[in-house]
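All remarks here apply to the structure that follows.
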Amino acid sequence: MIHALLWVCLLAQTQSAEPPMAPELLTLLESAQDAENRRDFDQAIAEFRKATDLAPSVGIVFFRLGEAYMKKRDYAGAIPPLNRAAELSPDSLAVHQLLGFALLAEGYAARAIPHLELVHENGALGIAQLEAGKPAEAVASLEAALAKSPDDPDLLYYLSRASTSLSAESLDRLLSAFPDTARGHQAVGQNFFVMKMFLEAAKEYQEALALRPDLPGLRLELGQVYAASSEWEKAEEQFRGEAKLQPGNAEAAYRLGDALLKQGKMKEAAEQLRRSDSLHPDMPETLYSLGRALAASDPRTAEHALGRVIEMEKESALAGQAYLALAGIHRKQGETEQAAREMQQYRRIQALNDRHAPTKH
Amino acid sequence: MARTGLLSLLCAFSLLAQVAKPKSGPVFQVSSLKGVDFVLRNSPTSRKYLMETMPGGVALLDYNNDGLLDIFLVNGGHVRDPMRIPSSFDRHDPLYWNRLYRQNKDGSFTDVTEQAGLANAGDTNYGMGVAVGDYDNDGYPDIYVTNYGRNILYHNNGDGTFTDVTAKAGVAAGGWSVSSGFLDYDNDGKLDLFVTRYLDWSVEKSKTCGSERPTYCPPGEFPATTNILYHNRGDGTFEDVSVASGIAAKKGHGLGVAFADYDGDGYTDIFVANDATEQFLFHNNGNGTFTERALDSGAALTSNGKMLSGMGVVFQDYDNDGLPDLLVTQLPHEPYVVFHNDGRGTFSAQELETGFGALSGKTSGWGVGLEDFNNDGWKDAFVVQGHVFDNVEMYDSSLRYREPPLLALNDNGHFEKADAGSDVPVAGRGASFGDLNNDGWMDVVTTSLGDHPQLYLNRGGKSHWLTITLRGKRSNRDGYGARVQVNGQVRFATAAGSYLSSNDKRLHFGLASAETADIEIKWPSGVHQILRSVKADQFLLIEELVQQ
C-alpha cells in the first residue's frame, strides 16, 4: 500500500516536469512492475534498463531502475541510475532520499550528506555525518531524530558514538592548541587515570593544580587517582581541599568521608558522610559508608543508614553488602538470631547477583 | 570473661601503662645470613606457570637440640620453558636442593643438607613450604615439606640425620600443596597434620592470562581443590581423615593456614587463607569432625563484603583481650584484614579500625607474624611483601613487583608503620619468626624469589621479656595447642602460621617494665598450670604437670 502511494506520488513529482510517455515505454514499465511484484528483481532490472534505453531523459525511469537495485540490496548498482535520476529530476525528494541511502550504505558518507539534508532524513544524516568525521553535526541530527523516535536503539547507539567522538575531537583540539594549560594537563591526567597509569595521572593533575589551584574539580579528580592506588592520606588531602573549595559539593564530602573511613578515622569520617548526606540525601554509597563508620560507635544509627541503603537498592550488590554489615553489627551485640536473618538475606542477594553476573570467556 | 581472666587483664594493663612508648628508629639490622648461600630458585618462564611465583618456605627449628635455632629453606626447582610432560624440576641438581643450615655458636651457619640426608627433594617435586613438629614425641623436631608433586615427611633420627618416611607415614598428598602445619586436633597427645592445597592444576591444564602482556592467571581460572587433614595413629603412620572430618567438604584455593582455639572449647580450630574465595574457619566440633563457619562467624570476607585474595595468615591475640584474632595478608587494592575475635565464636573485620587501611592497600602481603618485636607487651605485625606478577608495573604503574617488608608496631591495638631497617624491595614470600641469637628479642628470616634469604636481626632494647618452651607429657611434647597467658597476654602454642613457613616453637612475651611474670597454661590435655612471680629475661622450660 505504501509502495503504491509512493509510486503514485513519485510519478506525479517526476511527470510534472517531463514529457508524456510512449505506449511502448509504458508496456515495459508495467512488465518491470509485474516482475518486481513477483520479487524477480533481476527481471525487473532488465526491463527497467530497456526502458532507460527507450527514454534516456525521463527521470522516473532511472529512479525506478535504481529502486529495483535497492530492493535487490545491490546498493552499488543503484547509485548510477539514481545519480542520473537526480540530474534529470533535481527537485525529486524521493530520488535524493534513495540516493542518500544508497551512498551511505556503500560507505560514501560525505557524498550522501547533501541528499539526506535535502529530505531532512535526520537519523541517516546523523550517521553519515558521524562516519564523515563531523561528530558535532551528527549529535545535532541524531538528537533531532531521537526527538521523533525516542526509543530507537540504533539512534541511541549512534548518538552515543557521536558524543564519544565529539568528546575525543574536543580533547584533541584542547591538547593540540593548549597543551600547557590546566585543562590540558587535567585532560591528559584523565586519560592516564583511565589507563590505570596512576603515577602519570597524578603528575598531570599536580601540574594542572600548580597552574590553577582554585579550579573546581581538579582536587576531586586527583584525590580519586590517589584513592585508586590506595594512597588514602594523599587522597584525603585532595578531597579536603576540594571540600573547602566547594563546601556545597556532596561528592567532595562523600569522597573525603570515605578516605577518612579507609584510614580508620571513623569519627571524622562519619561527620563528613553526614554532611554529604545532608547536601545530597539518599545517596546509597554515602549511607553505606556512614553505616560502616558508625557501626562500632553508634550501632543504632548505623543500622538506620544501612536500612535506608537496602530500601533504595533492594537486591543490588550494595544491598547485599549492607545486609552483611548489619549482620556484623547484630553479631557484635550478641543478637544472634537477627544476625542470622541478615546473613540469610545476604546469601539470597549473593545468589541472585551470582546468577546475573556475566560468565567468563 | 572468666574472673581470673579479667584480673589478669587488669594486671597486664597496669603493668603496660608504666612503659614509655617505643622510640622511633630501625627495629632490625638487616643482613644476609653468614654462611647461608641459598638462593630461592623459582625459575620464571615466559609461559607464566602459576607455581613459579609462589615459593618458598622457611623454618626456624632447633633440629639438633643444641639450643640454637637452625634454618631450613625450601627451594622451587628448575622449570623448563615450556615445560615437558612428564615434568621434571631437576631437584637432584644441588642448585635446586632444599637446604638445612646448622647455626654455629658464633651466629654463623653451616650447610648440613647432605649429611642430614635432605639433599634429594625428588625431581618431580616443585618445592613450596615447610612444617615442623615432633610427630613421634621423641624430642626431636621432624620436617614436612610441601610440593607441587608429592610432599615429604622427614623423620629426625636424633643424630643430625633425617629419614624420608613419607611412604610409611602415608602423607604424600599429591596435587599442589602449599602451607601446612602440625596440630593436635583431637587432643590425643600426638601431632596431626594439616595441608592446604591451592588449585587443581597441572602442566596440561596450565594457561597464560593477559593478551598483549602475558601474566599469571588468577586462581578462578582453575578448579578449586580440597585441603587435607592427616590423623596421627601414633605408630609412625597417618590416616587421611579429610573426608571423615568434614575438611574435604569445602573446596577452595588454600594458601595459608593457622591454628588456635578461637572459642575456648579446648579444641584447636583451623583457619585457611583462601585466594579469591571465602576464607575457611573450620570449627573443631571436638568429636573428630569440623564445621566450616567463616561466613556466619564473620571471618570470611572483608568489612565491605569482598572476597580476600588471602595468602598468609596468623592466628594470635593482637589486642590482649585473651582471644585469638586473625591477620590475613592479600593482594593490593584491599588492605590486609584483621578479623577481631569478638567472643561468642564471632569475628568482625577490623582492617580499617586497626590501621591496616592506611598501612596496606598498595602492597601484596605473604608471610606474616604477630610478635612483640619491641617487648612492650603488644604484638606487632611484620609482613613480607611483593606482587604476584613480575610485570605488574605494566598493568598498574602505581604497583611494584618488589616491595620492602612492612613492620607495624602495635599501639594499644592500633598499628602504625615503623622502620624495619630496610627499604630494599624484594619479591618477598616466606617469613619465619624466632629469636635467632637468643637475646630475648624476636628476629625474622624471610625468603624472596630469585634471591638469598634475609635476616632481620632485632636491635633489642631495655624492656623485659620471657621466652617459654613447653614440654608436654600427656599433651603432645611440643605443647602445640596450649593457651599460654603471661601477665595478661595470650599466645597459642603453634609453629604454624605465616605463609609456607614454620616459626620458632618457643613462646615469646614482651614484658615491658615488668621484672616478673605470672604464667597460666591450659594444656591441650586439659591440665591447667599456674606459675607465679617468674623472673623475667629468661628462657624457661615448662613441663606439663601430670598427676601420677
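Just so it is clear, none of the values below were taken in a lab; they were calculated from the coordinates. Nothing here was measured: the structure is a model prediction, and the numbers come from that model. Backbone-built Cβ (ideal geometry, glycine too); neighbour counts: all protein chains shown.
Listing for the model above:
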item: Quotient of C-alpha Rg and 2.2 N^0.38 Å, computed over chain B; result: 0.88
item: Anchor A:Lys267: lysines whose Cα lies under 26 Å away (excluding residues fewer than 8 positions away in-chain); result: A:Lys234, A:Lys244, A:Lys332, B:Lys21, B:Lys306, B:Lys362, B:Lys379, B:Lys417
item: Ranked list, fewest to most other Cβ atoms within 10 Å of each Cβ, for B:Asp518, B:Asp70; result: B:Asp518, B:Asp70
item: Other protein chain Cβ atoms within 10 Å, averaged over every residue that makes up B:347-359; result: 5
item: Dipole of chain A [Lys/Arg +1, Asp/Glu -1 at C-beta], most positive-end residue of A:Gln186, A:Met343, A:Leu220; result: A:Met343
item: Footprinting exposure proxy for B:Glu515, A:Glu121 (fewest neighbouring C-beta atoms within 10 Å first); result: B:Glu515, A:Glu121
item: Inter-probe distance in nm under a simple model that places probes 7 Å from Cα toward Cβ, at B:Glu515 and B:Thr45; result: 6.4
item: Spatial extent of the protein assembly as shown: Rg and Dmax, with the Cα atoms as the point set, Å; result: 36.3, 131
item: Residues A:Ser160, B:Ser179 arranged by fewest to most Cβ contacts within 10 Å; result: A:Ser160, B:Ser179
item: Extension gain from A:Glu271 to A:Asp298, taking 0.36 nm per residue of separation minus the Cα-Cα distance; result: 8.5 nm
item: Helical contribution to [θ] at 222 nm, DSSP H n ≥ 4, -39,500 (n - 2.57), averaged over chain B, rounded to 500; result: -1500 deg cm²/dmol
item: Estimated FRET transfer efficiency when R0 is 51 angstrom, pair A:Glu143-B:Thr208 (beta carbons, to 0.05); result: 0.65
item: Förster radius 51 Å - calculated FRET efficiency between B:Leu545 and B:Lys251, Cβ distance, rounded to 0.05; result: 0.75
item: Rounded to 10°, Cα long-axis angle of helix A:59-71 versus longest principal axis of chain A; result: 50
item: Candidate aspartates and glutamates for bridging to B:Lys48, where Cα separation is under 14 Å - those fewer than 8 sequence places away on the same chain excluded; result: B:Asp81, B:Glu204, B:Glu212, B:Glu221, B:Asp390
item: Helix axis angle, A:122-131 relative to chain A longest principal axis, alpha carbon, degrees; result: 70
item: Within chain A, longest stretch clear of exposed trypsin sites (Lys or Arg not before Pro) (DSSP loop, no more than 12 other Cβ within 10 Å); result: A:74-313
item: FRET E, pair B:Lys34, B:Asn438, Förster distance 22 Å, beta-carbon r, rounded to 0.05; result: 0.85
item: Percent of beta bridges antiparallel (DSSP, chain B, rounded to nearest 5); result: 95
item: Charge dipole of chain B about the Cα centre (unit charges at C-beta), most positive-ward option of B:Asn137, B:Thr268, B:His414; result: B:His414
item: Contour excess over end-to-end distance, with Cα ends at A:Leu352 and A:Asp172 and 0.36 nm allotted per residue; result: 60.5 nm
item: Residue mean of other protein chain beta carbons inside 10 Å, A:262-268; result: 5
item: Degrees separating the helix A:93-105 axis from the principal Cα axis of chain A, which is the longest one; result: 60
item: Label-point gap, in nm, between A:Ala340 and B:Arg532 - each point 7 angstrom along Cα→Cβ; result: 4.5
item: Hydrodynamic radius (Kirkwood) for chain A, which is based on Cα pairs only, to one decimal in Å; result: 26.1
item: Averaged over A:223-236, number of beta-carbon atoms from partner chains that fall within 10 Å; result: 3
item: Cα→Cβ-extended label distance, 7 Å offset, between B:Thr289 and A:Tyr157, nm; result: 5.6
